[in-house]
1. I'd like to know if segment 57-69 contains one or more residues that are loosely packed, with under 14 Cβ neighbours inside 10 Å and in a helix (DSSP H, G or I).
2. Taking helices (runs of 4 or more DSSP H) that do not extend beyond segment 1-51, which have at least 1 residues that are modelled with pLDDT under 95 and acidic (D, E)?
3. Where residues in segment 10-45 are farther than 21 Å from I76 by Cβ and of a type in the set (D, E), which of them is most open to solvent (accessible area, probe 1.4 Å)?
Amino acid sequence: MRRDVFQAIADPTRRAIISLIASQAMTPNALAEHFETSRQAVSKHLKILTECELVKQEQQGREIYYSLEINKMKEIDQWLEKFRHIWEDRFNQLDDVLTTLKNKKEES
């Protein structure tokens with residue numbers, strides 16, 4: 001089953017996993033230490049993230065290490081970019097209104 005990347009990042013545990021492996025690859029056991037859930041629950045989250053290609057697996061001896069797939073994260077960032085412009089424009093408009101109100105208040 002092909003999962004949607006946005007469904008994958010909608011879950012707070014999966015976002016936390018992404019944050020943890022953003023700086024270094026980690027094993028499921030090492031990841032599970034950061035959560036109050038079982039290793040099996042963390043493994044299910046890792047499976048979803050792997051299916052969405054947000055993380056990749058690498059076998060090192062007997063251990064499997066999970067690391068962030070940067071290119072997939074860039075896809076998410078590119079999709080969000082168009083919204084960033086909208087938000088920035090609105091914040092700039094709000095800043096202009098607040099500056100105008102502040103100036104009027106100071107003139108009074």
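1. no
2. Answer list for segment 1-51: 39-51.
3. Per the criteria, the residue is E36.
The values are calculated or read from the model by the stated rules, or taken from the named source; none is laboratory data. Since we're looking at a predicted model, the values are computed, not measured. With ideal geometry, Cβ positions are generated from the backbone for all residues, glycine too; neighbour counts draw on all protein chains shown. The area values use the complete protein model at the heavy-atom level, side chains included, leaving out ligands, DNA and RNA. Shrake-Rupley method; radii C 1.70, N 1.55, O 1.52, S 1.80 Å.
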